[in-house]
Amino acid sequence: MDIQGTLSEEIGNLKQLRILDLSSNMKLGGTLPVTLSNLVHLNNLALNVNNFTGKIPPSLGKLSKLTWLDLADNQLSGALPISAKDGWGLDQLLKAKHLLLDRNQLKGPIPKSIGLVQALEVIRLDNNRLTGAVPSISNLTKLDFLNLASNSLTGPIPNLTTLTRLNFIDLSNNQFDRSEAPAWFSDLRNLRTLAIESGQLYGQIPQKIFSAPELQEVRLNNNSINGTFDMGNDVSNKLHMVNLELNNITSVLLSSSYNDNLMLEGNPVCNISHLSRTAYCKDVLEKNPPVESLNPCQHPFSGFLVFRAPFFSDASDHIPILEQNLTDTLKTCIPNTLSIQNYYFDTNTYFWVQIKICPIGQSYFNRTEIIKCFDLNSEDHALPDIYGPYYFTASTYRLSSSGRSYKIGISIGCAILAVLLVCLGIFAVRQKKRIKREKLRNDPFGASGIQLDWSKRLKIALDSAIGLAYLHDHANPPIIHRDVKSTNILLDETLTAKVADFGLSLFVSDSEIGHVTTHVKGTLDPNRTVLFKFKNWQYQL
């Protein structure tokens with residue numbers, strides 16, 4: 001769903017929200033409303049891949065139950081808000097596990113008080129304009145994923161010795177002090193990916209790092225590593241890439257236990273040794289070829305799963321697991337065949353997986369099936385933790401019954417629908433209470449109150465009919481109210497009628513539209529709605 005405009009301050013009235021996900025709406029922008037801090041029950045706030053500008057409201061620190069904050073891929077600027085300076089700040093989100101603020105325009109230092117948020121497991125502050133030294137984060141012992149790449153950070157490379165759970169580190173493209181490889185390189189035995197490109201490193205790399213049992217990828221290119229490169233003989237059997245391009249390595253002792261990608265192009269060793277004609281001295285890029293679809297079909301539902309902080313760098317072991325997990329989950333909703341078409345890591349270490357889902361026993365999926373079954377952002381389709389935070393973006397899907405295109409965004413069927421229904425519910429409750437108070441105070445419809453002549457009654461009936469017609473013919477998907485009665489028709493001070501109370505309403509799928517148009521819409525049998533048959537029920541306004 002392509003939401004446009006700005007996020008209203010009224011969002012703060014939805015105080016019972018647990019999840020607010022408005023991701024991937026590029027035309028949704030403006031500043032973040034301060035009233036977001038009123039959503040005190042919020043666990044998950046995802047406003048990534050939008051066009052929000054301005055500063056991060058310090059008052060977000062009031063969201064004491066928040067475990068997931070994702071504001072990545074926007075145009076947010078200014079410093080990271082902290083309580084000591086702003087009264088409220090991100091350092092007060094003590095239950096936060098995921099802090100995803102990458103790909104913005106944030107400035108200033110990383111606050112020291114970030115070390116107070118000891119529940120943090122994933123930190124992404126990469127691709128901003130952060131400056132200054134990295135503060136001590138030794139208290140963040142639950143941290144699994146740390147990406148501070150592509151900023152203007154200075155000072156020494158941070159000491160990560162105590163963060164033994166870390167499996168992904170990227171400190172590339174900053175302005176750290178010139179230094180030898182840190183001692184903690186050899187201490188992090190759970191490490192899967194280590195990246196410090198353009199990190200001012202010199203000297204030799206300790207052999208012990210290559211024996212970390214989970215290690216998959218090392219990227220230390222464009223540094224000043226020199227002398228002899230020796231991986232030793234105890235090399236992790238999961239290691240598949242070592243990139244040491246553009247260093248000052250003069251000789252190499254090849255390990256008999258490592259036969260995968262070793263990238264040395266741009267080192268002196270490639271000019272003066274027998275390695276110059278080998279693959280080690282060529283620009284070798286790991287590319288994943290498209291996976292052949294075993295289940296081609298004419299009208300597949302497709303899209304991309306984008307994993308923003310995966311805990312692996314070797315995709316080959318995880319693609320079959322992912323495909324099986326998705327297949328097992330989706331087949332319980334509707335018969336289908338799922339295949340993974342392609343996958344790759346982009347320059348921001350995002351892992352993109354293209355999937356296609358084909359219907360079985362029919363040519364198309366209808367709208368209801370797509371909304372119900374293929375919202376891969378919902379908690380019903382949660383993937384194993386090793387894949388990290390992710391979102392799903394769907395390709396445009398052309399429906400057969402009307403020829404119209406239909407696109408499911410990240411929030412379709414989940415956050416957006418929930419927000420709209422809650423808004424309608426709040427409006428209806430307030431209107432009912434308001435009318436009740438007015439009736440008790442003024443008795444407008446009593447003997448001494450407003451007298452409804454036939455013209456007023458006709459106007460009320462027409463307003464109600466217009467509201468129902470909108471639900472049937474213009475709402476997407478169409479909505480059948482199913483509970484039209486006098487108490488659900490609300491009147492304002494000008495006697496304008498408004499249809500309310502959608503507690504029993506149902507959406508109409510594409511395959512059902514043809515059936516519904518032969519009936520009196522809005523009056524489906526409450527107990528036999530699925531059958532779409534006439535019964536001996538009476539309805540009236």
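Each reported figure results from applying straightforward, stated rules to the coordinates on display, with no laboratory input. Not measured: the values here are computed from a predicted model. Don't worry about glycine lacking a Cβ; one is built from the backbone with ideal geometry, like all the others, and counts go over all protein chains shown.
Normalised by the residues of the stretch 68-112, what does the relative contact order come to in percent, with Cα pairs under 8 Å and at least six apart?
Relative contact order for the stretch 68-112 comes out at 55 percent.
Go ahead and run the numbers for FRET between residue 40 and residue 469, Cβ-Cβ distance against an R0 of 25 Å, rounding to 0.05.
The value I calculate is 0.05.
So between residue 496 and residue 95, what do we pick up on full extension, going 0.36 nm a residue minus the alpha carbon distance?
139.7 nm
Let's test the formula: R0 of 41 Å, r as the Cβ-Cβ distance of residue 328 and residue 15. What FRET efficiency results, to the nearest 0.05?
Step by step, r from the Cβ atoms, then E = 0.65.
Can you tell me the length gained on complete extension of the stretch residue 141 to residue 31, counting 0.36 nm per residue apart and subtracting the Cα distance?
So the extension gain works out to 36.2 nm.
If we count every other residue with Cβ under 15 angstrom of residue 235's Cβ, Lys/Arg +1 and Asp/Glu -1, where does the sum land?
-2
Note the full-extension length gain between residue 177 and residue 341 as 0.36 nm times their separation in residues minus their Cα-Cα distance, in nm to one decimal.
Stretched fully, the residue 177-residue 341 segment lengthens by 54.7 nm.
Using the Cα atoms of the stretch 104-144 to build a convex hull, what is its mean projected area in square nanometres?
Mean shadow area of the hull around the Cα atoms is 2.9 nm².
Going toward the positive end of the dipole of the stretch 5-177, with +1 on Lys and Arg Cβ and -1 on Asp and Glu Cβ, which of 157, 42, 105 do you reach last?
42
Highest mean first, what order results for 115-126, 16-27 on Cβ atoms within 10 Å?
For the peptides 115-126, 16-27, the packing ranking is 115-126, 16-27.
Order by neighbour count: 184, 352, fewest other Cβ atoms within 10 Å first, most last.
With the fewest neighbours first, 184, 352 line up as 352, 184.
If each residue's Cβ is checked for other Cβ atoms within 10 Å, how do 258, 343, 470 rank with the fewest at the top?
Exposure proxy ranking, most exposed first: 470, 258, 343.
Residue 383 to residue 272: FRET efficiency via 1/(1 + (r/R0)^6), r the Cβ-Cβ distance, R0 41 Å, to the nearest 0.05?
The formula returns an efficiency of 0.25 here.
Based on other C-beta atoms within 10 Å, arrange 253, 239, 468, 262 from fewest to most.
Starting with the residue having the fewest Cβ neighbours, the order is 253, 468, 262, 239.
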